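In what follows, a single structure is set out as structure tokens and then discussed.
The values are calculated or read from the model by the stated rules, or taken from the named source; none is laboratory data. Just so it is clear, the model here is predicted, and its values are computed rather than measured. Cβ atoms come from the backbone with ideal geometry, glycine included; neighbour counts cover every protein chain shown. SASA here: full protein model, heavy atoms, side chains in, ligands and nucleic acids out. Shrake-Rupley method; radii C 1.70, N 1.55, O 1.52, S 1.80 Å.
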Amino acid sequence: MPKFERRAEWVWRQRGLTAVPFGTANPRIAEEANRYVYFRREVALGGPVDEAIVQVSADGRYQLFVNGERVGRGPSRCQPAWQVMDRYDLAPYLRPGRNVVAALVHSYGRDTAWYELPGWEQARAFGCGGFFLQGDVAGEAIDTGESWRYLEADAWQRDVPSGSLGFIEIYDARQEPAGWQTAVFDDTGWQPPEILRVPGRNYAGDIVPFPVMVPRAIPPLYEELRLPEAIGRVGEVQNAPPAEDIATLFDQETIEPLSTCHVVGIDSLLGEGGTTVITTTGEISVSLILDFGRTMPGRVRLDLDGAAGTIVDFTYSERLHEDGRVHMHEGIPGFDVRPAHRLTLREGRQVWEAFELSGFRYLQLTIRGAVRPLHLHAVHLHFSAYPVQPRGQFRCSDEILNRIWQVGADTLHFCMLDGYVDCPSREQRQWLDAYVDSLINYAAYGDPSLAAQLLRQVAQSQQPDGITTMVAPGDFSVMNFTNIPDFCLYWILAIGAYLDYTGDLTLDYTGDLTLADELYPAVVKAIGWFERHLNGEMLLTDVPHWVFVDWAELDKQGQVTALNAQFVAALAVAERLARLVEAPREAARFAQLGGAVSTAVNQLLWDETRGVYADARQNGVLSRRISQQSNAAAIAFGVAPPERWPRIFDVTLDEARLVLTRFGNAQATAVSFDESRDVALAQPFYMHFLHRALARAGRQQDIVDNIRQRWGAMIAAGDRTFRESWQIIPLTSLCHAWAGTPTYDLSTEVLGVKPLAPSFRKFRVEPHPAGLTWAKGTFPSPFGEIGVDWRLADGRITLDLIVPEGTEAEVWLPGGDTAVIVGPGNHRLHG
């Protein structure tokens, strides 16, 4: 695609920019940390307009308004070398007469889970922070430049704690210029912004921010106001002494029954009626805990009426202390801060919403210094997530399985933001275990765009030596403190899955290139990184960085079975890509290499005495530790020969031998592990691959039984999202996308729908009753929904099947020895 023809200028606050000297220092980044800036541009119209397209971006994050109404937020997460622009049509928000286009922009001054600081000359010249808008209204260009006005925002306190999710918000509404987003506001005292453009070095072209700007590849997030479902504790607290952060106050203040303060109509907060809070002294405050039912992504939104200077402190989390207070999530030690924020009211009624998105179930509000009654009209979680439609469906004769399927789909949805994030609460990073997330999506929602963005962003993270980063984009992508090599292989596997489920549709800004063409060079380079770690025995040996495999205490030293098996699967995808892009010599090389590694795994990592693959081999000695993970990998990734499968399952499915190991290092209680008999249990993430292994062996009954046992226990406990690990420790997220794998399992194995050709032009329907009497549902495809409805009666199965136009189904009924091929339309088959 041709380079975007930039007409507008990037702008920011006035700082007196000059040409930058030759050097490496970039002090301006620190100057812009946690800075908010307002921007405005007036537009006069003589009549209505049909269309007013603008492209908008920011170095940081922005909110865009027209005539006081929020139009959108952005940009979506991206690497600075591919800065994203959001497209809007402003026409629905404009009216004849005076109009204003306005923006609130936040500059971070640090890398976050979703944001990377700019680099190169741009960082030295401008630091960070900036706003960009290009477009026309009724033939008039409204591009950012000197015709705009700006004001630095004083409402946010800047010197506050920050972590990977951004900055704590301490906001004083009295400092906000009321109505600044509206056309009637007087901005006479505002200044023209500074244009971010300085001369280049030695007569080179000017230095400007973000030389490459690309259209947004995904739709805007879906937003909806959601009320709490229940009221938790309501009481009063003795104000703690002033502290450096708000979190310390929540730590120190215990909630006691109401005695001197009053709360009237608390249950009205579950609707739109509202409640009134009265504090009677300056030393006692009121604390409320609201339960939104399950962990969801969104922003705290308060509609309230009170006296100027009244304080509302708030914090949130996925869990509670035993005494009913919110248990603030600690996050990752050294990277995160506890989320505790403060709003100071201006006089009268006001609606305030947090700038940053969070993920939580419980919200605690502490209201301080209400010199007159405070009326809370409403407290919302302003839900925000990727827009999906429930194209995939599943129902069967077991209601527990139905609930598990839906909770898995919901868990994934709450982890689909402007990227596939592992969790909305703890960190919101796009980790590359999202391979599993994308598969769940294909079964539940059938969306291709978020996966396509993921695949490109991982390729953009590729290092000079070929390895991709474990997170992309974001802080962990640029810090270079550790990496997970297996996640690079999952990226390659995700490309293969994308081809299977979407057919490699050309999307977004790639022009005539298919995604296979676009990504293939990066795949070759990544395979080369792993090749350099093959020893003379043709096994990956002493692979550097953090070999993850799973959140479990496996032996991952020397030659790691799971990693080598995964490399074989990645080589198969690389071979497939090579054939697609017409590179037969490389295809043959990848095939030969995969065969050699597979042979080496079977010869050197198999323990014939115990009938399983050992976790690893070091210095020619097999590890004594065995796990479901290593053996599932060997089968699922096509390495273990079928004659070994029965012995493997006899050992690794024996409940008497399974041990739940630690959640990684010293982060959980140590367990006793007898290496002469015990088998490490797979955590929710690697259960996906255990289920793939069982499916290859035709053991769908074991898959369904495992789902009932392990995920059914979470349903029985009342969970409405699935958690990261079987055990719960302080680090555990309770809404973790990878744990939704039963949604994929039930659609692919019980309904039995799997692609046989890219984009489901040909697909298999092979139901596996697994003790059920009926199941029905839909599986999304690019050609439309595939409908499956099968029922057992008197030992016979009846299958009703809907085959979309342009596709063909290969149907295998239970007990049958031949397939039936059917074309588009509605079909009824008997077996």
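Things to note:
- On the beta carbon distance between residue 828 and residue 400, with R0 = 45 Å, the FRET formula returns roughly 0.95.
- Spin-label model, residue 810 to residue 761: label points 7 Å out along the Cα-to-beta-carbon direction sit 1.5 nm apart.
- Neighbours of residue 187, meaning other residues whose beta-carbon lies under 9 angstrom from its beta-carbon, give a summed charge of 0 when Lys and Arg score +1 and Asp and Glu score -1.
- The range 536-554 residues near the modelled residue 673 label - backbone nitrogen below 16 Å, point 7 Å along Cα→Cβ: 547-554
- Under 13 Å, Cβ to Cβ, from residue 818 - net charge with Lys/Arg +1 and Asp/Glu -1: -3
- Relative contact order computed over the range 1-103 (Cα-Cα under 8 Å; 6+ residues apart), in percent: 33 percent
- Solvent-accessible heavy-atom area per residue, rounded to whole Å², over the chain at 1.4 Å: 37 Å²
- Beta bridge orientation in the chain: antiparallel %, DSSP, nearest 5: 90 percent
- Taking θ as phi - 60° and the Karplus parameters 6.51, -1.76 and 1.60, the scalar couplings of the range 299-309 work out to 10, 5, 10, 10, 10, 8, 9, x, 7, 4, x Hz in sequence order, x denoting glycine and proline.
- Sites listed here are GluC sites (Glu not before Pro) in the range 753-831 whose DSSP assignment is loop and whose Cβ has at most 11 other Cβ atoms within 10 Å: 805.
- Listed by chain and number, the lysines whose C-alpha is less than 20 Å from the C-alpha of residue 754, apart from same-chain residues fewer than 8 away, are 762, 776.
- Built amide H within the under 5 Å cut-off of residue 61, gap 5+: 106
- The 3J(HN,Hα) values that the Karplus relation (6.51, -1.76, 1.60; θ = phi - 60°) gives for the range 620-637 are, in residue order, x, 10, 5, 5, 7, 8, 10, 8, 4, 4, 5, 6, 4, 4, 4, 7, 4, 8 Hz. Gly and Pro appear as x.
- Percent accessible area from carbon and sulfur atoms, the chain, protein chains only, probe 1.4 Å: 50 percent
- Label-point separation in nm, residue 773 to residue 794, each point 7 Å along Cα→Cβ: 1.5 nm
- For residue 371 and residue 259, the FRET efficiency from 1/(1 + (r/R0)^6), where r spans their Cβ atoms and R0 equals 30 Å, is about 0.95.
- Residue 618-residue 353 pseudo-label distance in nm [points 7 Å out on the Cα-to-Cβ vector]: 5.3 nm
- Relative to the current alpha-carbon distance between residue 188 and residue 175, full extension at 0.36 nm per residue lengthens the span by 2.9 nm.
- At full extension, residue 140 and residue 517 could sit 131.7 nm farther apart than now, given 0.36 nm per residue minus the alpha carbon distance.
- Cβ-Cβ FRET estimate between residue 291 and residue 70, R0 fixed at 22 Å, reported to 0.05: 0.20
- The trypsin sites (Lys or Arg not before Pro) of the range 1-73 that DSSP puts in a loop, and whose beta carbon has at most 14 other beta carbons within 10 Å, are 3, 7, 15.
- Extension reserve of the residue 226-residue 542 stretch, reckoned as 0.36 nm per residue once the Cα distance is removed: 108.8 nm
- For the peptides 592-598, 261-267, the ranking by mean Cβ contacts within 10 Å, running from highest to lowest, is 592-598, 261-267.
- Reported to the nearest whole Å, the Cα centre-to-centre distance from the range 802-831 to the range 185-240 is 52.
- Sum of side-chain charges, residue 126 neighbourhood, beta-carbon under 14 Å (Lys, Arg +1; Asp, Glu -1): -1
- Centre-to-centre separation between the Cα atoms of the range 454-476 and those of the range 396-415: 31 Å.
- In sequence order, calculated HN-Hα J values of the range 467-478 (Karplus, 6.51, -1.76, 1.60; Hz; x Gly/Pro): 6, 8, 8, 6, 10, 7, x, x, 4, 5, 7, 10
- Of the GluC sites (Glu not before Pro) found in the range 528-588, those in coil by DSSP whose Cβ has at most 10 other Cβ atoms within 10 Å are 582.
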